[in-house]
Every structure is written in C-alpha cells, then in structure tokens.
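Read through the structure below, which is laid out as structure tokens, and then see the notes.
The values are calculated or read from the model by the stated rules, or taken from the named source; none is laboratory data. The model shown is predicted, which means the values in this text are computed figures rather than measured ones. Please note: Cβ atoms are built from the backbone with ideal geometry, for glycine as well, and neighbour counts cover all protein chains shown.
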Amino acid sequence: MLPIDPAKKNSFQNTICDGDLVIVYERHDVMKAVKVCDGLELQNRFDVFKHSDWIGKPFGSRVLSNKGGFVYLLAPTPELWTLVLSHRTQILYIADISFVISYLEIIPGCVVLESGTGSGSLTTSLARAVAPTGHVYTFDFHEQRVASAREDFGRIGLSSFVTVDIRDIQGEGFPDEFCGTADSVFLDLPQPWLAIPSAGNMLKQDGILCSFSPCIEQVQRSCESLKTHFTDIRTFEVLLRTYEVREGRMNCGGDNEGASVGSRPSKRRLPCSSAGSNGKETKGGSVMARPCGETRGHTGYLTFARLKCL
Ligand SMILES: C[S@@+](CC[C@H](N)C(=O)[O-])C[C@H]1O[C@@H](n2cnc3c(N)ncnc32)[C@H](O)[C@@H]1O
C-alpha cells in the first residue's frame, strides 16, 4: 500500500519526491529507512546509489547503481516501518498489531486513544486504519519518546492522523476532553489496571478496550479491574509461526533423520508418504514446507473488553 499523501488526505502518493522517506530494500531481512535528499548517495555493501536517480520514480521501483547493483525503494507502510524503526522501547509486531486492529474493529473515521506510545510501532498502524477521517490520540509520560515519535509520524506522512502528547496516564488518566468520544482505547502500560477506570470513561457506548501485557499477573489484575464496567472480557496470546516453502527434489532415503526444527529446509526433505498433506509433488521434485528457525514466541497477552451498556 502506498503512503497517504499528507497534502491531500484522501489520496495516495505514487512517486518519490525529494525529502520523502523510503524503505531501501535489499532482502526481506536487510532494509533501512532513508530520507531522499537530492545530492546525497546511499552506500551499501555492494554499491553506491545516487538519491537523484530515485526522485520521480514510483514507489516499488527497482533502482540501479552505476555498477549494475540494485535495491528496491518501498513506501514506508506501517508494516515495513515496524521492521526498521529505532527501538526506543519494546514494540508490538505485526501479528499482535493486526489482531488488535481487527478485534478493536478499527475502521476509517474511528477515534482511538492509546498509551504508552513507546516507539510508535502500533500507533502507525492505528493511524493508517483510522485515516483519512479518524484520529489517534496517543500519550506517553516520557518526554524524549514523545518527541521522537512525533518526528517519526511526520517523516512517514501520518501527522494529520495522530496527535502525541506527554501525560502520565496511570497517574492522571486520559484528558477529560475525550470523555465519551473514543471508539476504542489501547493500553500498553506496566500497570494498566490504574488506567482502566479512565479508559472506560473515554469510550463511547459499546466501545472496546484492549490492554497488552507481557505477564499473566498483569492480565489477572487488569481483568479484576475490568469486571466493574466492562463485559465480553477475553484474553488472547498470538503465536506466529513462519513457514519456509520451497521446491526441492524428493529424497525417499531419509537422509534427514534427526534434523532439528529451525535448520535450513534443504537439510530436511518431506518423506514421500507425507507429501500429500504438507507438500505437492511436482515434476522431479516436491514442494517442501517447514517452520523457520526464527519463529517468534511469546510477546504478550492481549485482553479485550467491551464497555457495558448503561
Ligand atoms: C512497551 S512501551 C509501548 C510500545 C508501543 N506499544 C509500541 O508498539 O511501540 C510502553 C510505554 O509506556 C510508557 N509508560 C509507562 N508508564 C506510563 C504512564 N504512567 N503514563 C504514560 N506512559 C507510560 C513508557 O514510557 C513506554 O514508552
């Protein structure tokens, strides 16, 4: 998906301009965010790339260096931004983020309150989900994190959809001006139960709250606090398992006995008999699927609850 053009809230920006942020993609695990600046060059381990060659090209273009090396210039979507942003805190990753957006039923036009902002990983996805007519108000008590997040939202063109402010949400709650205005509230705080009563006051009737906590003890205390004003209280843990799928030659000799989960797929072949369930036979080979070594384990628990109707 292309970035939203901040100058024209309802349209997408197609071409790369001087001053834009692009994600320079070498491989799925080698990417970096670069601000395009006429006159500057990018040097990677293969080559030197002139920024001036990038200006006017559509996002997604493959650009060449003088020596024939290439990189892709991708739009700074929330999905890619989450992978390249500088980690000032623990962050939410795409599996939790997508679950949060779906279960909070966030659509364009929604008003969402969030705390803490942290590195802004979730905030960027929230902002894109509410655009072009909704808004995210996000709060963190850490001054420097707020300043850095504000700068990042500007760099990726989301400033019109996010307001970030300094506030101790556990101590003071959300500002009174948001009372009864929020479609959803998201909390990623060390003691979320302290902010839950205020979050309840901010929600519209039928509004939904989500709290992310790494420890089950935090979940237990939050659920206790939620019982008073919330219903449909549910906790989930999202575990993501990535598979590598590739074509290879079948080997029925079983030379892969003992191969551990996480080793390279070329070290392990599916036995012929199981090709039907995990793999499809192809001419002279088969399609093999196995879990990648980099499978991410526990990140945290997501507790959702809906405000009780009066
Ligand atoms: C784990 S980070 C949030 C990460 C964020 N969800 C992301 O995806 O990038 C938690 C944040 O909560 C903030 N925080 C902790 N206590 C707070 C409080 N009482 N009021 C506001 N923010 C607070 C911290 O400063 C920190 O930035």
Exercise. Can V100 be described as within 16 Å of the ligand (Cβ to nearest atom), of a type in the set (A, V, I, L, M, F, W, C), out of contact with any Ser or Thr (no Cβ under 7 Å at 6 or more places or on another chain) and closer than 16 Å to V238 by Cα?
Worked result: yes
Problem set entry | Tally, over region 58-77, of residues that are out of contact with any Gly (no Cβ under 8 Å at 6 or more places or on another chain), free of Cβ contacts under 8 Å to residues at least 60 places away in the same chain and closer than 18 Å to G157 by Cα | 3
Exercise. So, of the residues in region 200-217 that are within 12 Å of the ligand (Cβ to nearest atom) and of a type outside the set (S, T, Y), which turns out to be farthest from L302 (Cα to Cα)?
Worked result: P214
Exercise. Do we have S160 as of a type outside the set (A, V, I, L, M), more than 25 Å from Y301 (Cβ to Cβ), under 24 Å from the mean Cα position of the chain (by Cα) and away from the ligand (no atom under 12 Å from the Cβ) here?
Worked result: yes
Problem set entry | region 112-169, subset within 18 Å of A33 (Cα to Cα) and of a type in the set (D, E, K, R), residue modelled with the lowest pLDDT | R155
Exercise. Which of the residues spanning region 278-294 are assigned to a loop (DSSP other than H, G, I, E, B) and at pLDDT below 65?
Worked result: G279, K280, K283, G284
Exercise. In region 169-187, how many residues are more than 14 Å from V136 (Cβ to Cβ) and of a type in the set (A, V, I, L, M, F, W, C)?
Worked result: 2
Problem set entry | Residue ID - nearest to R221 (Cα to Cα), chosen from residues in region 167-192 that are within 12 Å of the ligand (Cβ to nearest atom) and in a helix (DSSP H, G or I) | P192
Exercise. In region 133-157, how many residues are among the acidic types (D, E) and closer than 22 Å to T303 by Cα?
Worked result: 1
